[in-house]
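Structure, as structure tokens:
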Amino acid sequence: MTSTLSVERETDHTIVPITTLRTVHQHPSGLDADELEAFGKLMDDLRNEIISNRGKADADYIHRVIAVQRRLEVAGRLALFAGVFPPFWVAGAAMLSTAKILENMEIGHNVMHGQWDWMRDPEIHSSTWEWDNVCPSDQWKHSHNEIHHTWTNVIGRDRDVGYGILRIDERQPWSKVALGQPVYAAVLATLFQWGVALHDVEIEEVMKGRKTKADAKAQLAAIAKKGGRQLLKDYVLFPAMAGPFFLPVLVGNLTANVVRNLWTFSIIFCGHFPDGVERFTEEDVVDESRGGWYARQVLGSANIEGSKVFHILSGNLSHQIEHHLFPDLPSNRYGELAPRVRAICEQHGIPYNSRSFSRQFGSVIRRIARRALPG
Amino acid sequence: MFTTVLERTARFGATLSSPLPVDAFARLVDPLWSSTVCRARVTRIMRETPDSASIVLRPGRGWESHQAGQWIAVGVDIDGVRHRRPYSLTSVPVRADGCITITVQAVPDGVVSNFLVHQLQVGEIVHLDPPNGDFTLGSHSSSPLLFITGGSGVTPVMGMLRTLDAADVALDAVHLHYAASPDQAIFADELRRLAVRHSGFGFKFGATGTGPIPPELALTTRRLDALCPDWSARETWICGPAPLLAAAEAIWESAGISDQLHSERFQPSLTATNGTKAGIVQFLDSGVETPGDGIRPLLELAEEAGLSPKHGCRMGICHTCVVRLNSGSVLDLRDGRIQSDEGDFVQICVSAPCGDVSLEL
Ligand SMILES: Cc1cc2nc3c(=O)[nH]c(=O)nc-3n(C[C@H](O)[C@H](O)[C@H](O)COP(=O)(O)OP(=O)(O)OC[C@H]3O[C@@H](n4cnc5c(N)ncnc54)[C@H](O)[C@@H]3O)c2cc1C
Ligand code: FES
């Protein structure tokens, strides 16, 4: 297999003639075309099974999560008004943090994936949902649903590989800038919603002249508008409503936003960057079959083991493998799919990466630190 | 002055609740509080016949009153999925209790009608679209009237008659009503009582049985002459099965008085599906038409017609390509599912048109 690698798109295409790839190309899973087809068929069967039996219980689930989330948000904000009393502040900040986490993960992320579009409820629909996050929904749907989910872990195409800031893979070129990446990672984690928002502007593409300044400006304007409203709500209006007790409200809201940022950063990085998760080159995906696409999703994702509450708070992205295989199936069904997917992967010799949060997170931290250095 | 205070409060509330609308939180307290959509609570269900029921609804904020004869789209969640169907309003426009009613006849294998008649429970919430339709009396309230109805087609007429009754005008109306059998005749008792109270109202009922209409009951000029000799002098409203409507339309046409006949159909004319899959795809927003062979996905057809619809993965996973269906049916190439409801969201990268289709694209 050709291994000259660069993260530049054009060069890849000129170096490697497509025709030779077709013949010598081997899927990163090591499976041949027939095996991949058989694997893909089993995955399609699982998908069709869930589609044919999703129904009222699933609809009740998302309605319940939404109701709990909204109640928590109201209760959290009310408690913060009494935040001069420490127990109220702690309870308020905890409830608001949880509400924001639920809203971004189990609700927003999944609704925008179209997981609940089958209910045909215009109020819980991917085309209309706007989440409690500075990143405008339509921009997020582009960078996440289209780019990341189609090009999962393909270096140079999936811009989620290191978010354009961190060096994750030894095949990404090293420069001295990378030395600071443990610090960048900490900053990115703390301000994650802003990182996500700026992500789709693709500053580096604008600098390379592949994207117009006008397009980027329009996106920045949308972010400023949405972000401005979010800041106004959390840091001006709600604190102001508390009058002289504005400070505990402001700090409580800041805490909730930061807690949500740290949490989402951790879950998302644990889903794609722990040890054992593979990243791919553009040659790997040339002429990829549906079965090949499925297999790449498994190789490029990692699950986190935990309790039921943990799964819900992670937006069921703790079942990252199942989410990547079936991004538009309702998240509450990933848990029952996981052992079945795992068994099929084991039968086909496809590694299935599932460990505890501490092990996955530890290995992500080590990787970020290790790739700060050359090699 | 007062309105600006209200507006400001609304804007302030909207910023506090953003990015969600205030309704998202208001409905935690009462699902009927909404300024963006109209919902209603089922307050009573009355069985009319073994397979029909009247449903009393209390609409929430945002309900605008209707004209007798109009219909509303009712949205219900069945097995988690929202379904919408039109139903005629059978209540007077302004009831003292602020409620409205619809009357539903369960049709064999009908998804929504069977749910409404047999499963719906008092207390449940349904979704309403504003009243619609021009099958109304308009300026003819005090003209001599003739109503012809079959089966559940009696519903909009019942709304009109109740409204006329409540207005306390001297009725000059004849009503010919058909149903399969007397015990399946919705509202027959109430209509007979109405005829007793109003000397100017005549009610005639015909039981057709379940098979083809017996010849002696079929709607003909002779039968009309016998039942309502001055029928051609009356403004006429007809609602019922297609053969009944066809018969009436022919009669009124040959009498040269088609403009006196107002008709309403409950069943969509079957244009799109029926096995034939090739057809014309209309992209409404861009004003482009293109033929579809029923096999290739809409996204490809649109692109070939020169459009560049938003899309991403082109394999049905990202939902970037969803557009609203305006009319016709589409086939999901992955699992053979058919979508045919107006307003349905279609993933155009994996859906092919089934016959003629129009999309909001
Ligand atoms: C303007 C308008 C007003 C209406 N008002 C009323 C009303 O007041 N009361 C009422 O009961 N219905 C009314 N309908 C009909 C109603 O909207 C539904 O079409 C009907 O309830 C069937 O829906 P479903 O989901 O049960 O059947 P579907 O699941 O959609 O259809 C199942 C089967 O039933 C057949 N079918 C559909 N409609 C009918 C019908 N009317 N008679 C016999 N077979 C049918 C279909 O062809 C199909 O084979 C109205 C329709 C329109 C267009
Ligand atoms: S473009 Fe991906 S679902 Fe349509």
**Study point:** Residue-level accessible surface for A:F85, protein heavy atoms, 1.4 Å, Å²
**Key:** 120 Å²
Exercise for review: Can you quote the Å³ per residue value for the convex hull of the Cα atoms in the protein assembly as shown, rounded to an integer?
Suggested key: 204 Å³
Check your understanding: When the accessible area of the range B:38-136 is computed with all protein chains present and a 1.4 Å probe, what percentage of it is carbon and sulfur?
Key -> 48 percent
**Study point:** Of all DSSP beta bridges in chain B, antiparallel share, percent nearest 5
**Key:** 65 percent
Check your understanding: So how much accessible surface do B and A hide from each other in total, probe 1.4 Å, in square angstrom to the nearest 100?
Key -> 3300 Å²
Review point. Of all DSSP beta bridges located in the protein assembly as shown, what percent are antiparallel, nearest 5?
Key: 60 percent
Practice item. Please average, across the residues of A:327-336, the number of beta carbons from any other chain that are within 10 Å of each residue's own beta carbon, and give a whole number. Key: 1
**Study point:** Percent carbon-and-sulfur accessible area, chain A, ignoring ligands, DNA and RNA, probe 1.4 Å
**Key:** 65 percent
Review point. If you roll a 1.4 Å probe over the heavy atoms of the protein chains, what accessible area per residue do you get for the range A:2-370, in Å²?
Key: 40 Å²
**Study point:** Highest-first arrangement of B:280-290, A:113-123, where packing means the average Cβ count within 10 Å
**Key:** A:113-123, B:280-290
Exercise for review: Determine the shape class of the range B:279-359: with a ≥ b ≥ c the square roots of the Cα gyration tensor eigenvalues, call it rounded for a/c under 1.5, and otherwise prolate if a/b is greater than b/c, oblate otherwise.
Suggested key: rounded
**Study point:** Average Cα contact separation per residue, the range B:162-292, under 8 Å, 6 or more apart, as relative contact order %
**Key:** 16 percent
Exercise for review: Pairs of Cα atoms under 8 Å, at least six residues apart: use those to get the relative contact order of chain B, whole percent.
Suggested key: 11 percent
Practice item. Would you mind getting the accessible area per residue of chain B, heavy atoms of the protein chains only, 1.4 Å probe, in Å²? Key: 47 Å²
Exercise for review: Over the whole of B:332-345, what's the average partner chain Cβ count within 10 Å per residue? Rounded to a whole number, please.
Suggested key: 2
Check your understanding: Taking every residue in A:337-347, how many Cβ atoms of other protein chains lie within 10 Å of its Cβ, on average?
Key -> 0
Practice item. Please name the residues of the range A:104-130 whose accessible area, counted over protein heavy atoms with a 1.4 angstrom probe, falls by no less than 50 Å² between the chain alone and the full protein assembly. Key: A:R120, A:E123
Review point. On the accessible surface of the range B:185-254, probed at 1.4 Å, how many percent belong to carbon and sulfur atoms?
Key: 56 percent
Check your understanding: Under a Cβ-Cβ cut-off of 11 Å, what is the net charge of the residues other than B:A185 that fall near it, where Lys and Arg count +1 and Asp and Glu count -1?
Key -> -3
**Study point:** Members of A:K176/A:K213; A:K100/A:K233; A:K213/B:K310; A:K100/A:K225 lying beyond 18 Å, as alpha-carbon distances in this model show
**Key:** A:K176/A:K213; A:K213/B:K310; A:K100/A:K225
Exercise for review: Specify the inter-centroid distance of the range A:318-371 and the range A:86-148, based on alpha-carbon positions, in whole Å.
Suggested key: 21 Å
Check your understanding: Leaving out ligands, DNA and RNA but keeping every protein chain, what accessible area does B:R44 have, in Å² rounded to the nearest 10, with a 1.4 Å probe?
Key -> 140 Å²
Point to revise | Packing-based order for A:169-182, A:283-296, using average beta carbon neighbours within 10 Å, highest first | key: A:283-296, A:169-182
Practice item. Quick one: check the C-alpha center-to-center distance for the range B:117-181 versus the range A:182-259, whole angstrom. Key: 56 Å
Practice item. Decide, for chain B, between rounded, prolate and oblate: order the square roots of the alpha carbon gyration tensor eigenvalues as a ≥ b ≥ c, take rounded if a/c falls under 1.5, and otherwise choose prolate if a/b is larger than b/c, else oblate. Key: oblate
Check your understanding: If you average the sequence gap of Cα pairs under 8 Å that are 6 or more apart and divide by the length of the range A:2-370, what percent do you get for the contact order?
Key -> 25 percent
Study note, to complete from the structure: For chain A, the convex hull over Cα atoms projects on average to an area in nm² of 19.6 nm²
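The values are calculated or read from the model by the stated rules, or taken from the named source; none is laboratory data. Here the structure is a predicted model, which is why all the values come from computation and not from measurement. All Cβ positions, even for glycine, are placed from backbone atoms using ideal geometry, and neighbour counts span all protein chains on display. Accessible surface is based on the protein model in full, side chains and every heavy atom, while ligands, DNA and RNA are left aside. Shrake-Rupley method; radii C 1.70, N 1.55, O 1.52, S 1.80 Å.
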